[in-house]
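Structure, as structure tokens:
The values are calculated or read from the model by the stated rules, or taken from the named source; none is laboratory data. The structure displayed is predicted, hence computed values, not measured ones. Note: accessible area is taken over every heavy atom of the protein model, side chains too, but ligands, DNA and RNA are not part of it. Shrake-Rupley method; radii C 1.70, N 1.55, O 1.52, S 1.80 Å.
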Amino acid sequence: MSLIDLLGSKSRIEILRELSREPRYVSELAEEVGVDGKSAVHHLSKMEDAGLVGHYEQGNRKYYYLAKTVELRAAPPPERTFVLQTGERRDDPTGLESATDD
């Protein structure tokens, strides 16, 4: 599935927007985005398969986070550019790294 196809869903864009703020668990995402839990899991699964999101477990909850940066740039003539790309994150999205450093 191409990045354009993957991001062609309003729900997936909303999930990415929420995950750009902080890691969330499924029921939080479903509520914020306005979808049921099954749909949220479906979208998260597609994005995780593509490497856009990742997850970690804390207690009995599975938290999802944005694993890559996502950038869209579009400009009208004369530039006529359309760029949709991903990049690697440089921080620890789980917040666990700082908890183990003494």
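Normalise the Debye intensity by I(0) for segment 29-89, one equal point scatterer per Cα, no solvent, then take log10 at q = 0.21, 0.24 Å⁻¹ and round to two decimals.
Values, matching the q order: -0.91, -1.03.
What's the carbon and sulfur percent of the chain's accessible surface, probe 1.4 angstrom, rounded to a whole number?
Percent of accessible area from carbon and sulfur atoms in the chain: 46.
Sort the chain into rounded, prolate or oblate with this rule: let a ≥ b ≥ c be the square roots of the eigenvalues of the Cα gyration tensor; rounded if a/c is under 1.5, and if a/c is not under 1.5, prolate when a/b is larger than b/c, oblate otherwise.
On the way: a/c = 2.49, a/b = 1.43, b/c = 1.74.
Here the chain falls in the oblate category.
Normalising by the residue count of the chain, find the relative contact order in percent from Cα pairs under 8 Å and 6+ residues apart.
Answer for the chain is 22 percent.
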